[in-house]
Amino acid sequence: MKICFYPGCSFATSAGYKESTEAVCRKLNIELNEIPDWNCCGATVMFGENKLRATTLAARHFALVQTMGFEDLVTGCNACYATLRKAARLLDRDRELFQKTQEVLHNLGLELDRIPKVRHLLEVLMEAMPDSTSDKYKTLSVGAYYGCQLTRPDQELDKGWYPEILEHFLARIGFSVKEHSARTQCCGASHAVIYKNECQGLSHRIIREIANKGAQVITTVCPLCQFNLDQAQTQNNEPRLPVTYFTQLAGLALGLAPAELGLNKLLVSADKVLTRP
Amino acid sequence: MTTQNKPKIGVYICHCGMNIAPKVDVEEVARYIQELDHVTVARDYKFMCSNPGQDMIINDIKELGLNRVVVASCSPRMHEKTFRNAVRTAGLNPYYFQMANIREQVSWVTKDSQEATEKAKSMVAAAVARVFFHQPLDTREVTVAKSVLVIGGGIAGMQAALTSANAGYQVSLVEREPSIGGHMAKFDKTFPTLDCAACIMTPKMVDVLQHPGITLYTWSEVEKVEGFIGNFEVTVKKKPRYVDEKKCTGCGTCMQKCPTKKILSEFNEGLSFRTAIYTPFPQAVPNVPVIDATHCRVLGQNKKCGVCAKFCETKAIDFDQKPEFVTLKIGAIITATGFQAVNPTSLEQYGYGRFPEVYTSMEFERLNNATGPTSGKVLMKNGMVPKRVAIIHCVGSRDTRHKKYCSRVCCMYSMKFAHLLREKTGAEVWEFYIDIRSPGKLYEEFYNRVQEEGVRFIRGRVAEITDMVEDPGDEGRLTVIAESTLTRRTVRVPVDMVVLSVGLEPARGSEDIGRLLGLSRDGDGWFNELHAKLAPLATPINGIFLAGCCQGPKDIPDTVAQAMGAAGEAIALLAKGIVTTQAEISRIDPDLCSGCKSCIESCTYSAIRFDEARKVAVVNEALCMGCGSCAAACPSSAAGVKHFTDKQVMGEIEALLM
Amino acid sequence: MSQNDTNPFSAIAHLESIKQCIQCGTCSGSCPLADLMDHAPRELFALLREGAFDEVLHSNTPWFCVSCYACMVRCPREIPVTDLMYAFKEVITKQGTAPKNLKMPDMYQAFSHNIKETGKVTESQVMARYGMKHPLDALKNIPLAIKMQMRGRLELKAQKVADPKSITRLFELTEIPKDKP
Amino acid sequence: MSVYAMVKDASPTVAVKAALTKLLSQNLVDAVLVAAKSPYSALPMPTLFAEASAMDGIDPLAPAAPFNAARQAATVSRQATGKRLALVLRPCEIRALIELVKLNQCTLENVVLIGIDCLGRMENEVFLRHASALGDVTSEFQKNTSLQDDITRTCQMCEQFEPAHADIAMSTLGMAENSVLFASGSETGEALLKELGLSPAENPAQRETVTKQLREKRAACKKEVFAETSEKINSIEKFEKMIGTCLNCYNCRQACPVCYCRECVFLTDVFAARPETLLRRAQKRGSVKLPTDTTMFHLTRLSHIAHSCVGCGQCSSVCPSNIPVADIFTTVAAQVQAAYDYVPGRDVQEPIPYLIFAEKQKSGEPK
């Protein structure tokens, strides 16, 4: 399988997302074609500054995807996913905006004719991952954390409030899944960086809920979610749950070594829970 | 009166008090019309519909020898009948009359006075052009079958049946469930008077059963409806009960002995179990069980069992029963198919189906009912009495993602729940509402009473119900999160139990019933009444009436009043004994007919048949409703509707385009 | 919306949807940071309906929107609350009426500036620029930054697109002229 | 699955004639309706043959068709007679015939439909001009591509040149010269092919390439015509200009195979204005163009047959005022038919859209 991949700004420096994604894709023969010369999608900032600019920053990639000959665009970051989809939706519905965007891109030497489908890496791996054949991780209980922007506002990939796709994924690849109610609760997102005190509670709520329901590990699908939940545990003594990426668990299920998957980069170490069984 | 006569048209322009005259220069219109060909006289008058107005027409017909009349006034819906009668009184065929609507279509909707006058002129001229082509039409009188069909055996259907039967007419009541009683049979108390539902309901159920004028068809469905007002032919399908109603004594031994016991009880909203042979509740009418064919070991699983048959002393069990079809001659039909509660599962944030202590209002009714799963004690699934309960209003109602309308009863029943909870458990009760809607006799007083009782009313639609707890002491409880909009604070209330006050939607299957009867439904699926204000119980199909929630959400007092009203409409029709068939019906010219059968396909009343010998389509005049579908479908104008002939319509259009 | 020409928000797409608001509070009840806002989201709609545009222009509410979209998927009138918050921020930014002591506009500004200069976002650089205005906040983050660096998670060098000028050009081409006061 | 047979080393006309002769002489059918030259004209006319010996002049592959023969076919199959008929028709004629079956105007009971690949037809005068120069236009036309450019404008935009729904389809497209492929389209067709004793064959691979190319070419032309026509009729004023030279001769109606009314409403006095009305209108507006119902006539016909229009182009061919009637009809028909996802002549069982009530129509959603 070949996919057109948009990493986003946080991918490379995140706690092993890049390493594990690349390792898993190698193992599964998925060719990751990174968009050459990608830029920042604008995240949650740019739409509050200037709609046309926000749309164009995102649409620049749509033009690039087009020259690469792909129909879909895959990203592993919820914020990128939501932002690119938002731009795609606006372009699809607003003819005037579409024309203006085309114009700006044209001035930059790019042509935009069609809008690709924006997909999340989770969807891709959901299709590509084989079912588990080993019971090695059967006793490792995982809590799936989706964050806000994977299922909202579209509610297309799954239900908006209690999605199940990640639970299905984890169960299929051989982990014990703990259901909980914090799946799509807000972690504070970018506000957590500067409103630390005010947002700390949001992350703690999530961690506490997942721990309460008996999980030993949290898994996420987004660099910012991972960062917020991971760093929130560096300052207090509450249950300390390693916050992994779903690609890291997928790598383990495929028999890859933890180091290969960048698991050493977590702030809350996963060594204990992973070596115990 | 002869049609050969040269047309002599009288035109009457109404001031309609202050409705038309201030905007339209009626005298100018009369002057203009007077000059048109074939117009003998054109007059204006303050109120044409008044006695002197009508007399003016009658006198002119007699004295001036008019043979066509046009009145320009309000809508034909309002007064066409009035003026046709006047024309008839003067000895003219009433169809030599045409009305121009210069009120709704001109004076009320046109700003500029001059423009309105011009518009009125062309509309009246068009009516004159049309009436030129009018032809005399005849109506026929048909006798009416003295019987009523009531569809649905809830409180609406039962009341409609009783009222009709008390008037001396034969009533057939069809209910698809094993017992009559409907939703009301599930309730414990009723607002605002807190009458015990069973106490006021069960006597009515028995009355229905024992009334010599009522034939009860439970566990039955309407299969086919043919015919027309006064002369419907209805086929009722009696589903196999597998129990002989005549032999069964209702002793209940079969139900005690049935080994298949773990089927979720529909009547108790899945909060308890029933057996495969069952009556939905102990007071069921008729008190004859049915066998649930999917769960029965003999019928559903092809296993040896037959325990019920073994123990039945009167040998009433009959596993070989087949559906039976009964054909009824019916004069009037009352539709009372009711509602169902909205399923709140898709409102994910309320956790219904995820959290065991989140109940729907129908579940709570049963939980609270003396005949319910807990014998009327409000208990949680762990057997404990709740200490704090939240009641959430507008679940699925007033929500464009679900039902955009207000379901009308939820505020009141929510407050009834609050009262009962306070009374029975002493629990702290929190009501989360958007607006309290209590417009009914003694309703606002009931609201005040519940406030007095210490119920906490929070104005705010609940955002979320979660089992995530802030305080370890609340472990095992649910937290209700909402903005208290009056204080602008986000409140997080830990509770033991949540009741979702779900809205109402049309009953499952009402679309099918609608199709059988030819009734139209509004965007939300409720049956359309003929007129929202002036004919709320009638439907566009003559002889079919509406009662209760099938027309829209309503509470018990309104439902009962409407049921009596619908019965009154039916009785009026039956008492008169005859109906006049419509004159404006279709006719098909055999000389023009190509025999393509397009009209037959397009006729929703099955009123056209094909004459194989002549290879042409033929209209059954008794069945035709004059809708004009055939005329639209026919390319060669062989099919047309009397009084809406091509010449008449074209004449009108020609004049308008002038 | 009101036909009043002085409504600085009148050009916003779907603004007319707020006419449908029934002030039920679902949005504020769903909002994770509602407690930090001076007005509940629904109050902004009520204020706009009253014509109290100044209140909205100076409100901190849009700046605390975290884009979790909880309000938007629950609103019983299907008002696109989150999208409106973005649009409010755009108007407020253009009008320059964001509350002076608020940290979020500075953060956004630092973020946006980083994109404009390099085409990409490098967290350390955004924090550095933001820290010029809010040095305390930046200092507080140093222990965490050290931890991150130890795990190879802190990039100090700027990530860049091949031709950063093209992104700067994109910014220029999409610049909206400031409204005259 | 279709059964295939191939006849080689005979001109298509000869091969078809041999097959039809066999059908008649072996009493496999009682009569054959097929286009044939008459002693008086080179133009082939629909002709009903009961004797094989009379079939000398048949010319079903001629690029000419003064009629859409569906009308004639419907005349002979109006009622089942107990006799078995073979109808040799062009694809557009078969489609029209199927519409007429749906409209109860004829029956396919005891009818064998024989379809032929159609490369298009010429206007009559063009055909006659070529005939006087070349003699045998048919065989020249089959191989000469420049002659093939002389077909009517409507034929140039026809993508349905292969016979669907025929019991037996005879194909020349993509075949070697002097080869004809016979394919069965039904059990009846299969049985008849067996009786004819032709040598079995495979469906040649190159056929698909050739038909695909042709279809693309036709589609491009169609797109052009639709675009041009849509622009010309997108307002009532423009539409009236388009039909400005109409003489109310009703030729188009007469030539239309799916206009099936026994008596046309325009022959009745429904639309005939009263003299006083005309005078009053003239007084009011200064003048009235007569007759007044020209626009009404075309709009009525559009509304009556847009769903069933098979795009045969006969209406344009017969117009004495050279109004591109078929352009208008095919352009409008394409939109109507797309709205209802309806293809006239696709399936006898498929009801005509205005007689059914689809859920989607109710809510007014586009499909």
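Shown for chain D: cysteine residues without a partner Cβ closer than 4.7 Å, namely D:Cys106, D:Cys118, D:Cys155, D:Cys158, D:Cys221, D:Cys246, D:Cys249, D:Cys261, D:Cys264, D:Cys309, D:Cys319. Placing a label point 7 Å from the Cα of C:Lys116 along the Cα-to-Cβ line, no residue of segment C:85-102 has its backbone N under 11 Å from it.
The HN-Hα couplings worked out from phi for segment D:28-38 by the Karplus form 6.51 cos²θ - 1.76 cosθ + 1.60 (θ = phi - 60°) are 6, 9, 8, 7, 10, 9, 8, 6, 9, 5, 9 Hz, whole numbers, x standing for Gly and Pro.
Span-like helix check, chain D: qualifying full DSSP H segments, with Cα axial length of 18 Å or more and mean Kyte-Doolittle of -0.5 or more, are D:12-25, D:325-339. With 10 Å bins beginning at zero, the pair-distance distribution over Cα atoms of chain C amounts to 9, 29, 31, 23, 8, 1 %. Rounded to two decimals, the Cα radius of gyration of segment D:149-267 over 2.2 N^0.38 Å is 1.52. Sort B:Leu66, B:Leu209 so that the residue with the fewest other Cβ atoms within 10 Å of its own Cβ comes first and the one with the most comes last. Going from least to most buried by this count: B:Leu209, B:Leu66. Placing dummy labels 7 Å off each Cα toward the beta-carbon, the span from B:Leu442 to C:Met132 is 7.5 nm.
Using 12 Å as the cut-off for backbone N distance, which residues of segment C:43-71 belong to the label zone defined by a point 7 Å from the Cα of C:Leu102 along Cα→Cβ? Zone members listed by number: C:55-66. Estimated from helical segments only, the mean residue ellipticity of chain C at 222 nm is -14500 deg cm²/dmol, where each DSSP H run of four or more residues counts as -39500 (n - 2.57). Label separation (D:Ala18 vs A:Ala259): 8.2 nm, computed from points 7 Å beyond Cα along the C-beta direction.
Exposure proxy for B:Met56, D:Met170, C:Met85: other Cβ atoms within 10 Å of each Cβ, ordered fewest to most, give B:Met56, D:Met170, C:Met85. With the charge dipole of segment B:1-155 set up from +1 on Lys and Arg Cβ and -1 on Asp and Glu Cβ about the Cα centre, the Cα lying farthest toward the positive end among the listed residues B:Gln105, B:Gly153, B:Pro136 is that of B:Gly153. Taken over the Cα atoms of segment A:53-197, the convex hull encloses 139 Å³ per residue.
Look at where the Cα atoms of segment A:196-212 and of segment B:75-92 average out, and the two centres are 78 Å apart. Relative to the longest principal axis of the Cα atoms of chain B, the long axis of helix B:197-210 lies at roughly 60 degrees.
Plainly put, segment B:257-322 has a radius of gyration that is 0.95 times its Kirkwood radius, both from alpha-carbon atoms, as the Rg/Rh ratio. Taking amide H as placed 1.01 Å from N in the peptide plane, the amide H of B:Gly376 sits under 5 Å from that of B:Asn369, each at least 5 places away or on another chain. Taking Cα atoms only, the orientation of helix A:51-68 departs from the longest principal axis of chain A by about 90 degrees. What value does chain B have for Rg/Rh, both radii from Cα atoms and Rh as Kirkwood defines it? Rounded to two decimals, Rg over Rh is 1.07. Reducing segment D:172-194 and segment B:173-238 to their Cα centroids gives an inter-centroid distance of 66 Å.
For D:Ile116, the residues whose modelled amide H falls within less than 5 Å of its own, excluding neighbours fewer than 5 places apart on the same chain, are D:Leu89, D:Met170. For D:Gln349 and B:Arg614, the FRET efficiency from 1/(1 + (r/R0)^6), where r spans their Cβ atoms and R0 equals 30 Å, is about 0.65. Sorted largest first, the principal axis extents computed over the alpha-carbon atoms of segment B:541-658 equal 57, 45, 29 Å.
Computed log10 I(q)/I(0) for chain D at 0.07, 0.08 Å⁻¹: -0.33, -0.43, from the Debye equation with unit scatterers placed on every C-alpha and solvent omitted. The alpha-carbon atoms of segment C:103-173, seen along their principal axes, cover 39, 28, 13 angstrom, with the largest extent given first. Amide H to amide H distances under 5 Å link B:Arg477 with no residue, where only residues 5 or more positions off or on other chains count and H is placed in the peptide plane. Above 27 angstrom, tally the Cα pairs of chain A and express them as a % of all pairs, no decimals. The share of Cα pairs beyond 27 Å in chain A comes to 38 percent.
Stretching B:Lys303 away from B:Lys387 to a fully extended chain increases their span by 25.5 nm, per 0.36 nm per residue minus the current alpha-carbon distance. Over all pairs of different C-alpha atoms in the protein assembly as shown, the reciprocal of the mean inverse distance, the Kirkwood hydrodynamic radius, equals 39.4 Å. Quick note on segment B:586-642: its Rg to Rh ratio, both from C-alpha atoms and Rh being the Kirkwood radius, is 0.90. When the pairs A:Lys100/C:Lys120; B:Lys146/B:Lys322; B:Lys6/D:Lys284 are compared against a 27 Å limit on Cα-Cα distance, B:Lys146/B:Lys322 fall above it.
Label-to-label distance, A:Glu127 versus A:Arg95, with points set 7 angstrom from Cα along the beta-carbon direction: 3.2 nm. Normalising the Debye intensity of segment D:4-221 to I(0), with uniform scatterers on Cα atoms only, and taking log10 at q = 0.15, 0.16 Å⁻¹ returns -0.98, -1.13. Can you compute the label reach from A:Asp72? Point 7 Å from Cα along the Cβ direction, backbone N cut-off under 16 Å, restricted to segment A:97-131. Label zone hits: A:115-130. FRET efficiency for the pair C:Ile146 and A:Asp271, taken as 1/(1 + (r/R0)^6) with r the Cβ-Cβ distance and R0 = 22 Å, rounds to 0.60.
Computed over chain A, the per-residue total of -39500 (n - 2.57) for DSSP H runs of n ≥ 4 gives a 222 nm mean residue ellipticity of -13000 deg cm²/dmol, rounded to 500. If the segment from B:Ala561 to B:Lys310 were pulled out straight at 0.36 nm per residue, it would be longer than the present Cα-Cα gap by 85.7 nm. Determine the alpha carbon to alpha carbon distance for each of B:Lys257/B:Lys303; B:Lys238/B:Lys310; C:Lys89/C:Lys140 and list only those over 18 Å. Check vs 18 Å cut-off fails for B:Lys238/B:Lys310; C:Lys89/C:Lys140.
Of all the Cα-Cα pairs you can form in segment B:9-137, what percent are over 21 Å apart? The share of Cα pairs beyond 21 Å in segment B:9-137 comes to 30 percent. The antiparallel fraction among DSSP beta bridges confined to chain B stands at about 50%. Among B:Glu80, B:Glu569, D:Glu99, B:Glu511, the ranking by other beta carbons within 10 Å of each residue's beta carbon, starting with the fewest, stands as B:Glu511, B:Glu80, B:Glu569, D:Glu99. If I take R0 = 35 Å and measure r between the Cβ atoms of B:Phe325 and D:Asp30 in this structure, what FRET efficiency does the formula 1/(1 + (r/R0)^6) give, to the nearest 0.05? That gives a FRET efficiency of 0.15.
Taking the centroid of alpha carbons for each part, segment C:19-95 and segment D:86-118 are 66 Å apart. Against chain C, whose longest principal axis is taken from its Cα atoms, helix C:123-133 shows a tilt of about 70°.
Just so you know, all these numbers are worked out from the coordinates, no wet-lab data involved. Bear in mind that the values here come from a model prediction, so they are computed numbers and not experimental data. Positions of Cβ are generated from backbone atoms using ideal geometry, with glycine treated the same way; all protein chains shown enter the neighbour counts.
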